Amino acid sequence: MRLLQALQACGLRRLVLCPGSRSGPLAVAAGLLESSSPGAPSLDLLTAVDERSAAFLALGLARADGHAAAVVTTSGTAVANLLPAAVEADHGAIPLLLLSADRPQRLKGIGANQTVNQERFLEPSARLALSGDPRGLAAMAPAALDALAQRAWAAAHGAPAGPVHLNLPLEEPLHAGVAELQQLAAAPRDPLPVPPLTPGAVSAPPGPPHPSPPQPSPLDPQRPGAVVVGPWRGPLAELPAFAEALARWQGATGWPVLADGLSGLRGMPGLGLIHSYDLLLEVGHRLPPAPQLLRLGPMPASRRLQQWIAAGDGPQLLISEADPRNLDASASACQSCGLGLAPWLQAQPPLPLAPSAEALAWAEPWRRADAAAQTHLDGLLQGGAGEPAIARALSRLLPPGLPVMLASSSPVRDWESFAAADAPQRPLIGFRGASGIDGTLSLAAGLALGTGSLVLVSGDLALLHDSNGWLWMQQLAQRGVRLTVVLIDNGGGGIFEQLPIRADGPLDFERLFAMPQAVDQLALAAAHGVPGRRLQDLAALPEALAWALPQPLALIELRTDRQADARLRQELRRRMAALHGGPDGDPAP
């Protein structure tokens with residue numbers, strides 16, 4: 001009880017509990033804290049039978065507001081199931097608390113049942129891996145439990161944020177009797193005083209050094225240049241301040257802004273956004289490298305943009321938001337700063353009052369090519385039914401401000417390339433830290449719990465891979481949360497159609513790569529109480545969204561031809577790259 005109370009005092013408000021006997025004392029404590037006495041902070045308690053899914057749900061919760069949720073598991077392989085989410089939390093700088101019950105040390109190494117070296121399972125990805133007293137938590141004084149909680153919370157929310165593992169030995173007897181439980185339930189539970197989590201108040205975990213004060217900038221805001229923005233990893237509430245700082249820089253420099261679809265910036269006015277860069281930078285383009293680059297956050301997903309960044313020979317400054325790790329995958333930045341854009345900008349000399357004529361002239365071909373690409377896309381995709389057309393239609397049809405999660409593989413890539421430039425601004429969230437489809441539906445459920453409503457756009461294999469995520473739907477509905485899943489079913493792994501092996505090799509492509517699954521996903525959702533509709537064409541999408549969005553939970557399925565879509569993407573890229581023919585902006589022959 002004391003450990004969870006201490007975590008509450010630090011700021012813990014949400015806990016995901018998985019079943020188990022060894023973790024019984026933690027389960028009892030969580031249940032009692034869920035119904036706290038008046039004036040004490042309550043604990044939002046969710047329950048899960050699948051530890052892997054539970055960890056991804058907690059990850060989605062934390063991604064929404066930047067505050068760690070806790071996951072409690074029993075001992076043994078239950079702890080191993082936490083690793084996929086811990087890996088994503090590590091790469092994506094998302095706070096996460098993972099609490100595992102364990103046997104006491106006296107049972108280790110002697111063949112005792114369900115006793116493994118679980119204290120080391122999550123070490124490679126954890127900001128900090130801590131253990132309670134090897135004799136059991138009951139041997140720890142209240143002050144020691146408070147200190148353990150404070151260290152864990154501080155490490156999870158450090159720079160960078162990330163996962164923390166608390167391995168908690170528990171000695172028998174584990175379970176209180178009925179009389180003792182009644183006494184615990186009746187006892188007052190006054191909140192612990194909030195500890196001072198100031199720098200130096202707790203021991204810092206090993207890791208990258210804290211950001212140092214900014215050096216003189218290598219960039220000249222009066223000369224031509226460009227801004228590249230990667231996926232936004234901070235809390236959604238902090239994005240407007242970041243966008244305001246970027247708008248000040250762009251307004252003073254006139255530099256075009258090439259913003260990843262997951263940056264959350266698309267649809268915001270006054271940023272000088274270039275939306276079609278991934279298409280315009282196809283092989284054969286004649287757009288020049290930027291004379292200088294301001295790079296913000298992690299590397300964008302577009303490989304073509306990555307190649308364009310690496311081709312630049314001018315100065316590049318990389319600024320990250322509360323993440324001092326090396327994010328320079330292209331090894332082309334001459335200087336890095338982990339303070340964040342707004343603090344860095346405040347430390348710079350006054351910006352120019354207006355962009356230079358030279359900078360505006362350099363940016364003009366980008367703007368013309370981007371406008372031409374958007375016009376061409378509208379014509380080429382009008383009346384289409386493939387995945388590029390779906391991405392473009394959804395970007396316009398979904399309400400402004402409604403958070404959207406894009407699953408990895410094709411959905412996030414198609415939105416990056418084919419979403420409309422005139423689409424309204426909305427939070428766009430993806431989990432590309434480790435670029436996997438793991439935990440897709442559970443992540444979406446966590447995000448929906450954190451934001452109140454969400455649309456998930458997913459492929460069929462990503463949704464099926466995390467089909468246990470449907471088990472969250474009842475708890476979402478009980479909390480008044482709305483989640484709409486838009487399923488793009490292309491009968492397997494459509495992303496692999498872009499590999500150059502289907503036509504030329506003797507391999508069984510369907511069996512070795514696409515791996516189509518004969519599962520009726522609408523029936524699977526219906527088995528969990530989720531209504532669904534299968535659309536015959538894209539023209540039915542507006543009506544289907546009008547039906548789905550007001551409901552607590554709904555599934556919309558669109559079926560596509562992955563081979564035809566692969567050919568379409570190639571043709572669209574070829575046409576877009578031909579829109580710019582050099583400094584004059586004339587079409588290439």
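Read the figures in this text as sums done on the coordinates, not as results from a lab. Since we're looking at a predicted model, the values are computed, not measured. Cβ atoms come from the backbone with ideal geometry, glycine included; neighbour counts cover every protein chain shown.
A few notes on this one:
- For the stretch 236-387: span of alpha carbons on each principal axis (Å, largest first): 49, 35, 34
- Taking the Cα centre of the stretch 435-576 as reference, the dipole from Cβ charges on Lys and Arg (+1) and Asp and Glu (-1) amounts to some 360 debye.
- Per-bin percent of Cα-Cα distances, the stretch 397-538 [10 Å]: 11, 39, 35, 12, 3, 0
- For the stretch 1-141, diffusion coefficient by Stokes-Einstein and Kirkwood Rh (Cα), 20 °C, 1.002 mPa s, µm²/s: 139 µm²/s
- Where the Cα pairs of the stretch 239-300 fall when distances are cut into 5 Å bins, in %: 3, 16, 28, 27, 17, 7, 2, 0
- Peptide ranges 406-412, 51-57 listed from the most packed, as the mean C-beta count within 10 angstrom indicates: 51-57, 406-412
- Rounded to whole Hz, the Karplus (6.51, -1.76, 1.60) HN-Hα couplings of the stretch 308-316, x for glycine and proline: 5, 4, 5, 6, x, 10, x, x, 10
- Percent breakdown of C-alpha pair distances by 20 Å bin, ordered from the shortest bin, for the chain: 20, 49, 28, 4, 0
- Hydrodynamic radius by Kirkwood, which averages 1/r over all alpha carbon pairs of the stretch 333-471, in angstrom: 18.1 Å
- Report note on the peptides 382-390, 153-161: ranked by the mean count of other C-beta atoms within 10 Å, highest first, their order is 153-161, 382-390.
- Positive-end extreme of charge dipole, the chain - chosen from Ala444, Trp472, Leu168 (charges on Cβ): Leu168
- Taking Cα centre as origin and charging only the Cβ of basic (Lys, Arg, +1) and acidic (Asp, Glu, -1) residues, the dipole magnitude of the stretch 403-502 rounds to 260 debye.
- Average projected area [Cα convex hull, the stretch 477-567], square nanometres: 7.2 nm²
- Structure-based [θ]222 nm, the chain - -39500 (n - 2.57) summed over DSSP H runs of at least 4, per residue, nearest 500: -10500 deg cm²/dmol
- Scaled against the 2.2 N^0.38 Å expected of a compact globular protein of N residues, the Cα radius of gyration of the stretch 17-98 reads 1.11.
- Each Lys and Arg adds +1 at its Cβ and each Asp and Glu adds -1 at its Cβ; summed about the Cα centre, the chain shows a dipole of about 420 debye.
- Using distinct alpha-carbon pairs, which all enter the 1/r mean, Kirkwood radius of the stretch 459-530 in Å: 14.1 Å
- With the highest mean first, a sort of the peptides 315-323, 137-145 on other beta-carbon atoms found within 10 angstrom per residue produces 315-323, 137-145.
- With eigenvalues of the C-alpha gyration tensor scaled by 5 and rooted, the stretch 75-166, Å: 23, 18, 8
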